[in-house]
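Here's the structure, in structure tokens; my notes come after.
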Amino acid sequence: MGGAQAGEVASRIAVEHFEQGLPEDGTPEERLSLVVQQANREIYERSHTEAAAAGMGTTLTAAYLDGDHVVIAHVGDSRAYLMRDGELTRLTEDHSLVEELRKKGRLTEEEALEHPQRSIITRALGPEPIVEVDTLSYRVRSGDVVLLCSDGLTSMIPEDAVARTLAGTTDLAVTADRLIAAANEAGGRDNITVILFRVEEVGEHELAGPADIRADDAPTIVAAWTPDGMSPDGAGLAAPAGTRPKPVPRARLARTQGWTRPAERERHFGRLGKLVVGLITTAIVVFFLGAGGYLASRQLYFLGTNGQGTVVVYRGFPYVLPFGIPLYETFYVSGIPAATIPPDRRATLLNHDLRSQTAAENLINDLELGKISG
């Protein structure tokens, strides 16, 4: 995540957690979510114990093939798409300030693409000890292509151009290179990650057409039996009597990561197995209010007053964006009326200077103990 330290460390931690595989118990969505939470916890703890990793974080989009479903776990503003019969469907929802404004009708799609705060994300791995994870299950059929990408792709080229490129060739490696080249030609203002895989051999129960692409109303458990009686994760299982084993989807995967200068394009490290994980690191170099601004806002505090004139510790930046969107939240309400603080001290305490959590808490403690006076 750009604008903060050690984003590549956060990404590596998340990848390593997925490389260990998924836990055995629970639905696929629950198992994916648990791995994300474990990765988030380690990133959070290391960012608070290692100075070089302070404030680190990463976005994440993961895909798991389970029977006739692809299960998605998602945090941040990277995206997952499904391409079927020439139609591209976005499977994920951005966790970003601009997306929130768009959903509320305060921004159009066109305005969102050029909004100056489009890099501010509202969710990531690392800033908090517990992260909210979106998990969704979608039915797939033979020939479906799944695209995982960072916003370095979708912020540079529109979705219809992505769809045309995907439809232009069946060679996924070539397609990935073309997508990255197109994003670079459009300006390449951000790092670009593209992961593609094709689903094969889903079976006779596959869906009829693009209209069937949808998120299930509830997590779906699919028993996917392999011909040798083993479950996809390797556990020994026997198919019920009279049940015809169902082919397990296989995926062809093309992985390519490109940077903002085409000459620096390099292959993205990955691992192909039953578990197809796309860890998308949003490495955006931004000014003040970007992805790094989001992370910084979780570690900066300032003193102010609420509507009742009480001294409050706020977390974030002391600013309000257009449309009345604050960049701060209430962290602690002291119960101390600001009017009881001598005017000269009040001016220096409540001037919205940014402080660390410890510094802000010490000031509040001194106020509550009566140590700050005129």
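The values are calculated or read from the model by the stated rules, or taken from the named source; none is laboratory data. Computed from a prediction, not measured in an experiment: that's the story for all the values here. Every residue, glycine among them, receives a Cβ derived from its backbone with ideal geometry; neighbour counts consider all protein chains shown. Just the protein is used for accessible areas: all its heavy atoms, side chains included, with ligands, DNA and RNA removed. Shrake-Rupley method; radii C 1.70, N 1.55, O 1.52, S 1.80 Å.
With respect to (1) in contact with a Ser or Thr (Cβ under 7 Å, 6 or more places away or on another chain); (2) open to solvent by less than 40 Å² (accessible area, probe 1.4 Å); (3) in a helix (DSSP H, G or I), the lone exception for His17 is condition (1).
On the basis of being surrounded by 15 or more Cβ atoms within 10 Å (Cβ to Cβ), in contact with a strand residue (DSSP E or B) (Cβ under 7 Å, 6 or more places away or on another chain) and modelled with pLDDT of 60 or more, does Tyr301 make the cut? Please lay out each step first, then the result.
Numbers: surrounded by 15 or more Cβ atoms within 10 Å (Cβ to Cβ): yes; in contact with a strand residue (DSSP E or B) (Cβ under 7 Å, 6 or more places away or on another chain): yes; modelled with pLDDT of 60 or more: yes.
Yes: the conditions hold for Tyr301.
Looking across Thr89, Thr27, Thr49, Thr108, one residue alone is open to solvent by less than 70 Å² (accessible area, probe 1.4 Å) and free of Cβ contacts under 8 Å to residues at least 12 places away in the same chain. It is Thr108.
Quick check on the range 179-187. Is at least one of its residues of a type in the set (A, V, I, L, M, F, W, C), over 28 Å from Glu8 (Cα atoms) and either modelled with pLDDT of 90 or more or assigned to a helix (DSSP H, G or I) (or both)? Quick ask: steps written out before the conclusion?
Initially, the range 179-187 is screened for residues of a type in the set (A, V, I, L, M, F, W, C), giving 179-183, 186.
Imposing the further condition that a residue be over 28 Å from Glu8 (Cα atoms) reduces the set to none.
Within the range 179-187, not a single residue is of a type in the set (A, V, I, L, M, F, W, C), over 28 Å from Glu8 (Cα atoms) and either modelled with pLDDT of 90 or more or assigned to a helix (DSSP H, G or I) (or both).
Looking only at residues in the range 330-357 that are in a strand (DSSP E or B) and touching a helix residue (DSSP H, G or I) at 6+ places or on another chain (Cβ under 9 Å), which one is most open to solvent (accessible area, probe 1.4 Å)?
Let us first name the residues in the range 330-357 that are in a strand (DSSP E or B), namely 330-337, 355.
Filter again for touching a helix residue (DSSP H, G or I) at 6+ places or on another chain (Cβ under 9 Å), leaving 331-332, 334-336, 355.
On the way: Phe331: 76, Tyr332: 92, Ser334: 19, Gly335: 55, Ile336: 24, Arg355: 50 Å².
Filtering the range 330-357 for residues that are in a strand (DSSP E or B) and touching a helix residue (DSSP H, G or I) at 6+ places or on another chain (Cβ under 9 Å), the one most open to solvent (accessible area, probe 1.4 Å) comes out as Tyr332.
Checking each residue in the range 148-193 for being open to solvent by 40 Å² or more (accessible area, probe 1.4 Å), within 21 Å of Glu109 (Cβ to Cβ) and either among the hydrophobic types (A, V, I, L, M, F, W, C) or in contact with a helix residue (DSSP H, G or I) (Cβ under 6 Å, 6 or more places away or on another chain) (or both) picks out only Ala186.
Return yes or no: is Leu101 of a type outside the set (Val, Ile, Thr), open to solvent by 20 Å² or more (accessible area, probe 1.4 Å), closer than 30 Å to Thr165 by Cβ and over 13 Å from the mean Cα position of the chain (by Cα)? So Leu101 fails the test.
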